[in-house]
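The values are calculated or read from the model by the stated rules, or taken from the named source; none is laboratory data. Remember, predicted model here, so these are calculated numbers, not experimental data. We place every Cβ from the backbone using ideal geometry, glycine too, and count neighbours over all the protein chains shown. Ligands, DNA and RNA are excluded from the accessible area calculation, which covers all protein heavy atoms including side chains. Shrake-Rupley method; radii C 1.70, N 1.55, O 1.52, S 1.80 Å.
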Amino acid sequence: MAFEKIKRIMAEQLGLSESDITMDTSFEELGVDSLDLFQIIIEIEEEFSVQIEDAESIKTVGEAVKFVEDILQK
């Protein structure tokens with residue numbers, strides 16, 4: 001569930017196809033710069049009503065999904 005929403009957010013922000021994004025895809029592979037990362041994090045925070053403090057430590061789509069799922073389980 002979280003993966004599908006995060007994948008959609010990233011595809012929209014980066015102008016990519018959702019099929020280009022997997023759990024193992026790194027932000028670097030997608031060409032995410034600091035502005036892209038900021039916009040993606042804001043979208044994720046709004047979508048899931050979470051606060052991401054250390055966005056720079058998230059390097060892959062899977063790490064973003066795990067972070068959100070961990071917060072939602074609390």
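Quick rundown of the values:
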quantity	calculated
In the stretch 34-59, the residues that are without any contact (Cβ under 8 Å) to a residue 24 or more places away in the chain and under 15 Å from Lys5 (Cβ atoms)	Ile41, Ile42, Glu45, Glu46, Ser49, Val50, Ile52
Among residues of the stretch 1-18, those that are farther than 23 Å from Leu72 by Cβ and either assigned to a helix (DSSP H, G or I) or open to solvent by less than 50 Å² (accessible area, probe 1.4 Å) (or both), counted	1
Count of residues meeting criterion [surrounded by 12 or more Cβ atoms within 10 Å (Cβ to Cβ) and without any contact (Cβ under 8 Å) to a residue 24 or more places away in the chain] in the stretch 19-33	4
Selection from the stretch 34-65 of residues that are surrounded by 10 or more Cβ atoms within 10 Å (Cβ to Cβ) and in a loop (DSSP other than H, G, I, E, B)	Val50, Ile52, Ile58, Lys59
Residue under evaluation Ile71, criteria (1) part of a loop (DSSP other than H, G, I, E, B); (2) open to solvent by 20 Å² or more (accessible area, probe 1.4 Å); (3) aliphatic (A, V, I, L, M), criterion not met	(1)
Count - residues of the stretch 28-53 that are at pLDDT below 95 and aromatic (Phe, Trp, Tyr)	1
Enumeration of residues in the stretch 15-33 that are acidic (Asp, Glu) and within 15 Å of Lys5 (Cβ to Cβ)	Glu18
